[in-house]
1. What are the ³J(HN,Hα) couplings of the range 635-642, residue after residue, when phi is run through the Karplus curve with 6.51, -1.76, 1.60 and θ = phi - 60°? Round to Hz, x for glycine and proline.
2. Quick check: the angle from helix 362-378's long axis to the longest principal axis of the chain, C-alpha only, nearest 10 degrees?
3. Check L655: other-chain or 5+ apart residues with amide H under 5 Å from its amide H, H built from backbone geometry?
4. Along the Cα→Cβ direction, 7 angstrom out, place labels at A719 and A399. What is the inter-label distance in nm?
5. So what's the range 482-608 giving for Rg/Rh, alpha carbon basis, Kirkwood Rh from the mean inverse pair distance?
6. If R0 is 51 Å, what FRET efficiency do you get for R66 and A416 from their C-beta distance, rounded to 0.05?
7. For labels at A440 and D689 in the simple 7 Å Cα→Cβ model, what's the distance in nm?
8. Once the Cβ-Cβ distance between V701 and D384 is put in as r, and R0 is 41 Å, what FRET efficiency do you end up with, to the nearest 0.05?
Amino acid sequence: MSTVPKTPARRRGGRPLPEAAAALAVGLAVAVLATVPFLQRHDFYYGGDNPQSFVPLWHHFGGQLRSGQWPPMDPAGWTGGNYAAEGTYALWNPVQLADYVLVSLFDDLAAAAALVQVQFLALLGTGAYLLFREYGADRLAAAVVATAVPVTGFTLFYEANGWPAGLMAFTWVTWFWWAARRQSRGHLAPVVTFALGTLAMTTGNPYAALGMIVVLAGIAAELAGRRDWRALGGLVLTGGCVGATAALVFLPLAATLPVTDRQQTAMLANDTFLVPQLGDLLASSAPTYLPAILNFGGALLERSPSTYAIWFALPLLPWVAWRGLRRPDRRLTSVAVVAVVFAALTVGPSNLWLFRWPIRLVEYLYLALAVVLALLLSSGLATDAVRRRTVATVVVVLAGGYLSFAVRPELAGMHAVATAGVLALVLLALAAYRRRGRTAWAAVLVAGTVLVVGYQSALLPVRESGAEDLARLPSSIAEVREVSSAYRGTVLQLADPETLRTAPGRYTGHLLFGNETLMSGRESIVRYSGMGFEEFYAALCMGYRGQVCPEALDRALAPVEGTGVPLVDLLRVQTLVLDARLFPGPAAGPPPAGWSLAVRDGLRTVWVREPVVGYGGRLSWASPGVEVLADRSTATRESVTVDADAPGSLVFARLAWPGYRATLDGEPVEVRDGPAGLLSVDVPAGRHDLEVRFTSPGRSVGLAVAAVATLLVLGQSAAWVAVRWRGRRPAVPPSPAGSAGPAGPGAGRDAREDAVPAGTSRR
């Protein structure tokens, strides 16, 4: 088999392009590529959980950070306000905290989401490039494949579109893999691996921890295979220190789980939800293949190309030189382990302990396979047996097109265009390789990636009849505040998202779900939570993003046992927003006594009342005979002075999350889980000062463990630097003046200093 030799990338004048500059160029190319979907659809990066969970909260966090506040707990967030326990909002991740500040400068949250997601896609491309180079891929092949990795189907259409915590985790795991392997070869200080691993862990996404464990297992197998026990020991120490930072992120979650509705997530089961099949992976180079996977809303067919990988990966396999993988200087044990583990998990059961929905792991599998692809392409393409190889490529492309048609025959036109386009691009790339060389070939492949992404994002996801119109999801803060200008004080919205499916587009922002309510600038009982307070949800018949059942209004207005006042009083609600479809009678009739009509339109009825219920802080009710003299509160502290004629109780507009402590006149007293899960404290007769404080459970332990881990890694890195420094000392004493001695830029240095990764040209 004959191949065209590789040529190193050079700048004008014949000097090689610095590696850092090449990596940066890949990142910039990915940023430009990732902007294409946003230019075609303004809300492309504002789907899934982005509008109802992440982006409005990022904006809120950013505003708090700019005012000097750090938000581990916000009682005004109700079920969604225990941010430290939620974990996934990354309060300990400096990169994401900086992004929150940036997002807070935007009014258009769809644009803000695009900026953050494009940033992480670019970081992912850069990290993938460095990873491929670390394993010995040449620059052109590494750049071509790394440009395509961030726009694989699941990464672009699921994570960048609506699951940003997963994208951020995947990005940092990619960087961690590069650093860990580079450290294992003695070319990188452990502190860098630790820093990147900590960035991955502090995303709060458990798949980051899983990804790093699998990567470390792969590299450990590689080191054990060559009996490099010293490097293995160092990697185990660094990996253990990275794992220790999980205490900072997940201990509050573990301590809070008993009061939430997420206690049953750890299980081994298979309900087939988001479980890809082997056949889906075989069609991974077909851009419009929409797998038959059970997904949201009970759908049996995907609307997005969730198992799509790289359009040229399978069609180019008949042209690669497989023997290039068997070079003695290439150690691919780690890649094989990572690929095999993630392949098994990707097609595994839907629930495996804490990890559910196996399709979330397909991008990790594709990353491992992309390492192999970059190495294969680095060895050059075959130039013999052209007809036989061309036929094989045509068959591969047509097979992908047929599988796409077989699953969704009603989209035959879209599949036909995509198949013809991929075939034309592959043949053009092969012709460019033979006639113009590898640079022209690489240019065609990158241009093809741009065209494929542009075609996919223009037509996908498929708009099904009855699907929620993403255009109705509010993205402008100014627009939301305009339509909610009649709201006063704490807002309780009782509504169902199904109402939005038939609402005209002009009603954007009239009903808000999840963290969209933050855009109104008002405290709202409706918030998004991945681990909601179970008792509170049950009291209001409320779901994780604020959707309610038809009985919710009666429950909200009925007197609460033991207090004699309605639940809306205990919550200090001043504005009630009713879904006109869900509550047609009350929404069309007069408001209850004490309330007045503020707004009535085709979607909602708004009632407001004066004065505000409460005592100045978050205390909402005191027993008869208990006089409240003062009430002052912050997010994590409440100070109350009472004068009680007889023993009584206090109820606060705070949920009784684990972590609350109280003192009465300086002595500890019990805090109770009161009505609807609200924080309650009993007080004796007489005048007393009550102090209530909240501290995230496990926070002190997590900080201590993370501090010890950091000190260990700093010590390990200092030892690494010392060893390197000793290795760089002259091997022989300096020559006397005028005598002959070693000459040249590498004279007198340890040979290890000049070692370079396989596939890297020494200059």
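Bear in mind these aren't lab numbers, they're just calculated from the coordinates by the rules spelled out. Keep in mind the model is a prediction, meaning the values are calculated, not measured. All Cβ positions, glycine included, derive from the backbone under ideal geometry; neighbour counts span all protein chains shown.
1. Couplings: 4, 10, 8, 9, 10, 10, 10, 10 Hz.
2. The two axes meet at around 20 degrees.
3. Result for L655 returns L679.
4. For the pair A719/A399, the computed spacing is 5.1 nm.
5. A ratio of 0.93.
6. Working: r = 52 Å, r/R0 = 1.01.
Result of the calculation: an efficiency of 0.50.
7. That separation, rounded to one decimal, is 8.4 nm.
8. For R0 = 41 Å, the calculated efficiency reads 0.05.
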